[in-house]
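Got a structure here, written out as structure tokens. Questions coming.
The values are calculated or read from the model by the stated rules, or taken from the named source; none is laboratory data. Small disclaimer: the values here were computed from a predicted structure and weren't measured. Cβ atoms come from the backbone with ideal geometry, glycine included; neighbour counts cover every protein chain shown. Heads up: the accessible areas ignore ligands, DNA and RNA and are worked out on the full protein's heavy atoms, side chains in. Shrake-Rupley method; radii C 1.70, N 1.55, O 1.52, S 1.80 Å.
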Amino acid sequence: MRFSAVPAMFLACLVLAGCTSSSTLDTIVPQQPSRETTSSVVPTSPVPSANVGVAVAQAAPPQEVLAWAGTVPEPEAFRPQAKTAATPMPLERPVAVITPATPAVLTTPGTRTQIYSHRFRDAKPINFGRASPRKMAVHGVDVSRWQGEIDWPKLRTQGANFAYIKATDGGDHLDPMFKKNWRKAKEAGLKRGAYHFFYWCRTAGEQADWFIRNVPREAGALPPVIDVEYNGESSCKRRLSRARVLEKMQVFMDKLEAHYGQRPIIYTAPDFYQDNLTGELLDYPFWLRSVAAHPSKRYPGRKWIFWQYSGSGLSHGVEGKIDLNVFHGNENEWQNWLARRAS
């Protein structure tokens, strides 16, 4: 009877050993492959196509309506990329394209556009010294729902020769003023493009699909813009590694370039740029926010095509403040750059 207890004790030890080893399963489960795929990366598992319909909007986390938030370099910083070949044209024109009510003021693709000198004021003016953006020839604005109803013809005569219009953020938010602003800006004769506020907790592919679904592809439109920056008000608190940031951006930009036939422009701010974009994406045009100094001081060595020099602009045609921007070049360079967008 004394020896009969040994097998029982042996079995008990085996049970205890099994329980102890099961606690290490979490450490040996392999990580799931990235859902993002670029044109230069072959996925290790099938990537589901993005669903940008109602189901995605219901499943997604709440998304906020987001606002945008020394020697002067020679104005030859931007060299356009070749347009993607054999880009298929849509079977139907998107619903956002509406026949202008006043076609007489429209400019046709390939023609020279009238340049208006800037008459903007600034609620918080900055002395940029010799590098003042006011010395540059072609000024413009960027807008979103926060500017409310805009008198676009008046805004243009105040010096808005181009406008970037907020279209989308994340994978399910459309700026409620986008379609109206898109139509009215064209009717007033402005060159305009659309921008997307990138959301780091959504896949890049579904964000690109959402932008494409809502922004028309039109000859003469300015290149699409991806707005990448930190946003402390977002419910998405993730801070990705530089490698993941670049991966997600590349997926988004590849899809937009294939669809619109133009290389997207990257808008960013100094802190995000320093953490993620210094020395990266040298073949892409940049739009740089720098409201207290010339971009050459905030982004040393970076070539740029647009400079956002104020977030406190004032202008007839808009109630409240508006972002002010300038093109990196003279009038002829602006006209030539536009001509390459016309086809």
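Given points 7 Å out from each Cα along the Cα-Cβ axis, report the residue 314 to residue 331 separation in nanometres with one decimal.
In this crude label model, residue 314 to residue 331 measures out at 2.8 nm.
I've got another one for you. Of 135/179; 248/303; 124/184; 124/154, which sit over 24 Å apart, Cα to Cα?
The pairs that break the limit, which is 24 Å between Cα atoms, are 135/179; 124/184.
So with the 1.4 Å probe, I'd like the accessible area per residue for the range 135-219, rounded to whole Å².
Numbers: 2280 Å² over 85 residues.
Per-residue accessible area for the range 135-219 comes out at 27 Å².
Which value, to two decimals, describes the C-alpha radius of gyration of the range 197-335 once divided by 2.2 N^0.38 Å?
1.09
Relative contact order for the range 127-228: what is it in percent, counting Cα pairs under 8 Å that are at least 6 residues apart?
27
Can you give the relative contact order of the range 203-334 as a percent, counting alpha carbon pairs under 8 Å and 6+ residues apart? Intermediate results must be reported in sequence, preceding the final value.
On the way: 165 pairs, mean separation 24.8, N = 132.
Reported relative contact order: 19 percent.
Here's something else I'd like to know. Packing-wise, with mean Cβ within 10 Å as the measure, how do 155-162, 142-149 rank, highest first? Don't jump to the answer; show the numbers that get you there.
On the way: 155-162: 23.5, 142-149: 18.9.
Taking the mean over residues of other Cβ atoms within 10 Å, the ranking is 155-162, 142-149.
Here is a follow-up. What ranking, highest mean first, results for peptides 270-283, 307-320 when packing means the other Cβ atoms within 10 Å averaged over each residue? Before the final figure, lay out the partial values.
Details: 270-283: 14.1, 307-320: 19.6.
Going from most to least packed, we get 307-320, 270-283.
May I pose another question? To check you understand DSSP bridge types, tell me what percent of the beta bridges within the range 159-238 (both residues inside) are antiparallel, rounded to 5.
Here the share of antiparallel DSSP bridges comes out near 15 percent.
Choose one of 301, 225, 339: the residue whose Cα lies farthest towards the positive end of the charge dipole of the range 205-343 (beta-carbon charges +1 Lys, Arg; -1 Asp, Glu; about the Cα centre).
Most positive-ward Cα: 301.
Just to be sure I understand the curve: with the Debye formula and one point per C-alpha of the range 187-253, what is log10 I(q)/I(0) at q = 0.16, 0.18 Å⁻¹?
-0.62, -0.74
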